[in-house]
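Below: one structure, written as structure tokens.
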Amino acid sequence: HDDVRTRVAPDSLARLTSVLRDGYGVDPGTGGQLFLENPLSNLFTRLDWQFGENHSFTLRHNWAGAQRDSTPNRASFGPYELSSAGYRMEVSNHALSARLVSRFGAGHSNEFSVNLQRTRERSTPNSTFPQVDVRVNSQFGGFGLNRDLRAGSRYFSQQNDLDQEVLQLTESLTFARD
């Protein structure tokens, strides 16, 4: 914690933490070092089936899952955020694709495909109490610096969820000319 760079004295941070914890019974989090997690998983499957000389079928499924911890602002600009201002984003994406290709004489062919993508995003705030901004004046060697401290859930973290399905159907008929 670099007091001058962050423009927040440790006693100002401790005072706000104490008021929120002891006076209001909420956990404002910490202003110290953060340990963020960002795991990512992927799984891909594919099945190819050739039936007859002129027909093939392909089925694919791709799943991706990820989690990302947001970083509360610790830069030298904007409000200095305690860890309770962060949130975790969890994402799951399934993509399923089926394709049937049929070839007919004289270069004619037909391709039919179905694609379905399902996305889920969940945003879980680190805290359930409302966002609080407090302006503090910290003293550094006779100089006073002002900075806002922020604790609590971000305004819209709980409402940033996404449920989305996309269905795509494609029919491609090809006639070759001589």
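One line per residue, one yes/no per condition, for (1) open to solvent by less than 80 Å² (accessible area, probe 1.4 Å); (2) of a type in the set (A, V, I, L, M); (3) touching a residue at least 40 places away in the same chain (Cβ under 8 Å); (4) within 21 Å of TRP49 (Cβ to Cβ):
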residue	(1), (2), (3), (4)
SER92	yes, no, no, no
SER102	yes, no, yes, yes
PHE129	yes, no, yes, no
PHE140	yes, no, yes, no
GLY152	yes, no, yes, no
GLN164	yes, no, yes, no
GLN168	no, no, yes, no
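Residue-by-condition table, conditions (1) farther than 28 Å from ASP148 by Cα; (2) small (Gly, Ala, Ser):
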| residue | (1), (2) |
| --- | --- |
| GLY23 | no, yes |
| LEU40 | yes, no |
| TRP63 | yes, no |
| GLY78 | no, yes |
| GLU81 | no, no |
Region 52-74 - residue that is open to solvent by less than 30 Å² (accessible area, probe 1.4 Å) and farther than 24 Å from ASN42 by Cα and, of those, modelled with the lowest pLDDT: PRO72
Options GLY86, GLY107: the member that is at positive phi and touching a Ser or Thr at 6+ places or on another chain (Cβ under 9 Å): GLY107
Search result, residues across region 8-51 that are closer than 17 Å to PRO79 by Cβ, open to solvent by less than 70 Å² (accessible area, probe 1.4 Å) and in a loop (DSSP other than H, G, I, E, B): VAL8, ALA9, PRO28, GLY29, GLY31, GLY32, LEU34
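The values are calculated or read from the model by the stated rules, or taken from the named source; none is laboratory data. Given the structure is predicted, the values throughout are model-derived calculations rather than measurements. Neighbour counts run over all protein chains shown; Cβ positions are idealised from the backbone, glycine included. Side chains are part of the model used for accessible areas, which takes the heavy atoms of the whole protein and leaves out ligands, DNA and RNA. Shrake-Rupley method; radii C 1.70, N 1.55, O 1.52, S 1.80 Å.
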